[in-house]
Amino acid sequence: MGGAKIDTKLLKSKMVLHGVSTKAFAKAQNWSQTTVSRKINGKVAFTAPEIQVCVKLLNLSSDTASKIFFAEKMS
């Protein structure tokens, strides 16, 4: 239960906006589908290098990245 405090709704909306499927997201990070599900749903924390890949993949501004990965509350 030591999940990460991320804004899962905002992350998922950015994935949809940029046409990035969970399969493409997993491939970009070299993850399994299980890992991508756990990460996106906030059950496992993202590392700094993983966040950097997300920022590039989803073309996130630093403000949006902060809102997603350093959220105050779980979505």
Suppose the filter is hydroxyl-bearing (Ser, Thr, Tyr) and modelled with pLDDT of 95 or more; does Ser32 pass it? yes
For region 1-24, how many residues are more than 12 Å from the chain's Cα centre (by Cα), touching a residue at least 60 places away in the same chain (Cβ under 8 Å) and assigned to a helix (DSSP H, G or I)? 0
Which of the residues belonging to region 39-54 are more than 13 Å from Leu10 (Cα to Cα) and either of a type in the set (A, V, I, L, M, F, W, C) or assigned to a helix (DSSP H, G or I) (or both)? Lys39, Val44, Ala45, Phe46, Ala48, Pro49, Glu50, Ile51, Gln52, Val53
Of everything in region 25-38 that's without any contact (Cβ under 8 Å) to a residue 24 or more places away in the chain and part of a helix (DSSP H, G or I), which residue is farthest from Lys9 (Cα to Cα)? Lys27
Identity of the residue in region 59-74, outside any helix (DSSP H, G or I) and under 11 Å from Lys5 (Cβ atoms), that ends up modelled with the lowest pLDDT: Met74
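The values are calculated or read from the model by the stated rules, or taken from the named source; none is laboratory data. Just so we're clear, the structure is a prediction, and the values are computed from it rather than from any experiment. Every residue, glycine as well, gets a Cβ built from its backbone with ideal geometry; the counts of neighbours run over all protein chains shown.
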